[in-house]
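Participant: Take this structure first; my questions come after.
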Amino acid sequence: MNDIVRIACKEGYVYHIIFDNGISGDVDFSEYLSKGPVFEPLRELAFFRKASIEGGTISWPNGADIAPETLYDKILQAQSDINPECLHSQPADHFREEVQSPLSLQG
């Protein structure tokens with residue numbers, strides 16, 4: 001299973017999500033706002049922007065979360081809709097090198 005390693009709030013109900021294998025993309029969470037009482041507080045943008053990473057997925061202070069495999073599939077689907085070539089990713093080791101190389105320069 002792929003874990004989320006970074007999230008960044010964008011405009012509206014969108015977060016940019018990066019997984020541990022380097023797959024990344026924008027996910028619009030507006031479709032979840034009417035999925036039940038646990039998601040209702042997310043309608044308030046200030047609360048929506050309080051998301052964090054917990055257990056390898058995005059979650060909110062009230063306990064709302066979305067399974068990481070669901071978000072992973074959404075990103076892959078969006079990329080394949082744009083360009084089928086995007087389904088090919090670099091190995092996780094390459095992604096880690098890119099993330100670590102600026103740190104090694106601080107030395």
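Participant: May I ask you to sort S24, S80 by Cβ crowding, counting other Cβ atoms within 10 Å and putting the fewest first?
Facilitator: Sorted ascending by nearby Cβ count, the order is S80, S24.
Participant: With a 10 Å Cβ neighbour count serving as the proxy for reagent exposure, in which order, fewest first, do Y32, Y72 appear?
Facilitator: Ordered by Cβ neighbours within 10 Å, fewest first: Y32, Y72.
Participant: Sort I4, I18 by Cβ crowding within 10 Å, fewest neighbours at the top.
Facilitator: Values: I4 22, I18 17.
The fewest-first ordering by Cβ neighbours comes to I18, I4.
All of the numbers you see were taken from the coordinates with simple rules; none came from a lab. Keep in mind that what you see is a predicted model, and the values were worked out from it rather than measured. Note that we place each Cβ from the backbone using ideal geometry, even for glycine, and neighbour counts take in every protein chain shown.
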